[in-house]
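Below is one structure, written out as structure tokens, with a few remarks after it.
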Amino acid sequence: AADGGSVEADAAWLCLLSRARKDATAAAALRTPAAAARICSELVRAAGAPSGPSRAPGPRYARAAAARYRWLTNAASEPCAEKVIRKLAKLAVFCCTEPGPNGAANVERFAAVAATLAPLYHPSNHGSWTPRLAILLAEAARECAKGAARRRAVAAGFRSPSPPLPFSSTLAIARLLAPLARSALYARSGASVVAAVAALRDLSGADASVVADAAAPALRAALEADDAVLWAHQAPAALRCLAALVRPLFLRRRHLENVPSRCDDAEAFCREAFFDGTPLPGAPNRSDDAGLAPTPPLAHLLPDLLAASLDAVDPNDDAKTRCALLFVDSVLRWLPGRDDDDAPFENQDVDAVACRVGDWAPRFLDRLFACADVRPESARVANHGAGDARSRMMAAGAARADAAGAELTRCVAARVFAALRPKARARARARVLEWAKHAPPSAAKDAAGLIGAACADDAACFEASTRDLVKTVLTDAADGLGASGGAAARTAKALRVAGGAIRSLAPASIASRVDAIDALLENGLAHDDKAVRRCARKLLRDALRGLLELRTRHAAPARDWPATGLEDDLEAPRVTWLGPPADASERAAVEAAAARLLETRVRAPLAGLTDGSGRRAWLDALRQVAKGVKGAAAALEDVIDDDAVMPSSRFNSPRDAVRRQAGAVASRLNWASDVGPRAVLAELLTTAAAAARRDDALRRDAKVSRAFCKAARAVLLIRGSAAAGKARGALNAVRARRRHGGSDAAAFYEQRLKGGTVRGADD
């Protein structure tokens, strides 16, 4: 492209050149010394560097392209200036694929580009060039990783659409880019931080040892150094980066196909994935390609990094705490933990790591307790009353942020319990229960989440510690409701904690405790304090969801995961489902418990509304309908399906099991013979609305009108399984992130070249 041209023309020509590199003749022309020198010079110029021989004395482009030609480069909805930098970075790395002296000379030219731009990646140097440098870094690292993947695919006998990147060039480029990414990791620009994390993650696919040598000491120092607290902005960035590097630097991700495809115990999976890996055929332990080494570079550092991350769980810094929790979540997908009196692991390396994780887990729970104790009460009040639009918007944002933080805490805590062995898990449950008893009322949501996480790994209550925990929380809630003159806030918290335990149990476990739950609802829904009544309604919702919804265990242990990364090796993903029990007697108990709660706590209060009912009776009945329908949405059908009512001992799928359960519950309700329970509730709600219109006070009452709207919305719109919808959304987000440069882009590209597809083992 000539000086004074348009950025649209440059983008169009560079797109054509990028396509042409897949042709052998054009590829040879692009990798000549003259072409490589021009590409590297234009790369520095396009980055807008304020130094170096390629600095332009004036504006880079004198004019824009004609409007009728702009569609040629705007098809991907990407700014042309960014496209220019991206294509130039791709071509600059492509020039290094030339074997022999010309390839070495092209690598030297790329090294000159890196040396020119290196000072601009320092965190103190921030300017208009920063976003462009971030794009350059991320694209060059990604292309380097793809070139290494092409080399491995060609060595395995597969065809590559472009020339592979020689190992010497891969190593040189990785050593050039890793320090730049390490510097950009602590930049003030969010785009630079994201690009640095992506670059280090992709470079680990090219050569993991280079990234480990360049980045791991600095990342560890950001967490463990004595003066690290003075640089609070470094810890979140370091934790984000470590979370992205767990799989490539701590896990043998390229050799998961060597692990038995049906690895039924966590010890064997951890041993095969971390320590006792077997190299690929023909690849020694330390070959000329570090990506083929069977032992990951940093496997033994995980316990040290977990201990260092404890200080990042800071009650005064939500952003740093979120980064620490995400890092812990990514690590505990792979590591087991045990106490001294638990059965040791057979492999000594695994056992040593497990002991350290077991020592770390109680301290981590204590940090979570500290964060929950100091959370502001105002963040838990969704309705702040009348006020201007700005205050309502800020209150709603605070409530959403608090809900997201509580959910993240629950998921990570569930991961901790799933990683521990039975005796260590029992002690952790006792620790959580003791804290939940004495936690302040403002920590009710976190207490419910942590209690639910403690029960999630043993939903069927096989372990004595789980049974004792559930019994204790139900007893405490009953004692709080039965005590005269007790603190209403404490009673409300006890009900929330009971709901957290109930919603994590299996349907059969909930059905066996339905009498205790119904007693809590009887006293809680009639309590004089509105906070207690609100928490009782949430307990009703949680109990119905636990009975009727199809759920998955969010923190399944390693034995429940596919042990291979290839979809072709799996008959079906190993997912632990919580749904209708297989045993006919247990299934009948679940259906009877659900029908009992729906009849007594949802339909009966709504049917009992008359013209003479008081305002509180109207509000309580309508709010109970809304919460009850939310909990039972998976089983409320518009029309009773005769085929679904038929008993069956065999289900074709989890969805079929839920459909048959919904039909069985509807038949037990016996509300009407020709319509489903949802239609019955809609008819009762319409009758109640007509009665309320005849009362002037109720017709003008804003709270009653709002309660009607919420109940109508729940009856008419909320359908299906909310828990399954959340799980499906989370998995879709993970897969979308992986498709668009996710956690293992190099492995994804390599497997695509080999004709296979990649399944992340953490799905």
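Show me 688-694, 356-362, 193-199 ranked by packing, highest mean number of other Cβ atoms within 10 Å first.
Per-residue mean Cβ counts within 10 Å order the peptides as 193-199, 356-362, 688-694.
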**Complete:** Restricting to lysines and to Cα separations under 24 Å from Lys90, and discarding same-chain partners fewer than 8 apart, the set is Lys22, Lys146, Lys754
**Message:** Once you order the gyration tensor axes a ≥ b ≥ c over the Cα atoms, which shape class does segment 458-503 get: rounded for a/c under 1.5, otherwise prolate or oblate by comparing a/b with b/c?
**Reply:** prolate
**Complete:** Looking only at lysines whose Cα falls under 20 Å of Lys423's and that sit 8 or more positions away or on another chain, we get Lys471
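What's the whole-number percent of alpha carbon pairs in segment 400-526 lying beyond 25 angstrom?
Values: 1652 of 8001 pairs.
Tail of the P(r) past 25 Å holds 21 percent of the pairs.
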**Prompt:** Leaving out ligands, DNA and RNA, what percent of the accessible area of segment 132-210 is carbon and sulfur, probe 1.4 Å?
**Reply:** 59 percent
**Asked** Mind listing the phi-derived Karplus ³J(HN,Hα) values for segment 119-128, rounded to whole Hz, using 6.51, -1.76 and 1.60 with θ = phi - 60°, and x for any glycine or proline?
**Response** x, 6, 7, 5, x, 6, 9, 10, x, 5
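Order of 612-620, 141-149, 317-325 by packing, highest average Cβ count within 10 Å first? Provide the component values of the computation, followed by the final result.
On the way: 612-620: 14.9, 141-149: 27.3, 317-325: 20.4.
For the peptides 612-620, 141-149, 317-325, the packing ranking is 141-149, 317-325, 612-620.
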**Item:** Rel. contact order, % - alpha carbon contacts under 8 angstrom, at least six apart, segment 141-195
**Value:** 28 percent
**Prompt:** Expressed in nm to one decimal, what extension gain is obtained for the pair Thr687 and Ala221 from 0.36 nm per residue of sequence separation less their Cα-Cα distance?
**Reply:** 161.0 nm
**Fill in**
Counting sequence-distant residues (5 or more places) and residues on other chains, those with an amide H built under 5 Å from that of Leu578 are Arg551, Thr552, Arg553
**Message:** I'd like the carbon and sulfur percentage of the solvent accessible area for segment 582-622, probe radius 1.4 Å, heavy atoms only, ligands and nucleic acids excluded.
**Reply:** 54 percent
**Item:** Spin-label proximity, Arg467 to segment 511-541 - amide N less than 20 Å from point 7 Å beyond Cα toward beta carbon
**Value:** 511-517
**Request:** Determine ³J(HN,Hα), in whole Hz, for all residues of segment 621-633 in sequence, where each value follows from phi through the Karplus function 6.51 cos²θ - 1.76 cosθ + 1.60 and θ = phi - 60°; x replaces Gly and Pro.
**Result:** 5, 5, 5, 5, 4, 4, 5, x, 5, 4, x, 9, 4
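Among 119-132, 593-606, 511-524, how do they line up by average Cβ neighbours within 10 Å per residue, starting with the highest?
Working: 119-132: 15.6, 593-606: 21.1, 511-524: 18.9.
Those peptides, ordered most packed to least, come out 593-606, 511-524, 119-132.
For a test of the definition: using alpha carbon positions, the gyration tensor, and the 1.5 limit on a/c, classify segment 666-707 as rounded, prolate or oblate. It would help to have the intermediate numbers written out before the result.
Values: a/c = 4.56, a/b = 2.93, b/c = 1.56.
Prolate is the answer for segment 666-707, as a/c is 1.5 or above and a/b outweighs b/c.
Counting heavy atoms of the protein chains only and a 1.4 Å probe, report the per residue accessible area for segment 116-230 as a whole number of Å². It would help to have the intermediate numbers written out before the result.
Details: 4170 Å² over 115 residues.
Result: 36 Å² per residue.
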**Asked** Hey, rough spin-label estimate for Thr600 and Gln348, points 7 angstrom out along Cα→Cβ, what's it come to in nanometres?
**Response** 6.1 nm
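If DNA, RNA and ligands are ignored and the probe is 1.4 Å, what is the ranking of Thr409, Thr116 by accessible area, most exposed first?
Values: Thr409 10, Thr116 35 Å².
So the residues, ranked largest to smallest area, are Thr116, Thr409.
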**Item:** Förster-model FRET efficiency, 35 Å R0, His126 and Asn102, C-beta, rounded to 0.05
**Value:** 0.40
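Rounded to the nearest 0.05, what FRET efficiency do Ser162 and Asp304 give with R0 = 35 Å and r taken as the Cβ-Cβ distance? Could you check? Kindly include the intermediate steps, with their values, before the conclusion.
Details: r = 40 Å, r/R0 = 1.15.
Once rounded, the FRET efficiency stands at 0.30.
The values are calculated or read from the model by the stated rules, or taken from the named source; none is laboratory data. Given the structure is predicted, the values throughout are model-derived calculations rather than measurements. Cβ sites come from the backbone with ideal geometry, for glycine too, and all protein chains shown count toward neighbours. Ligands, DNA and RNA are excluded from the accessible area calculation, which covers all protein heavy atoms including side chains. Shrake-Rupley method; radii C 1.70, N 1.55, O 1.52, S 1.80 Å.
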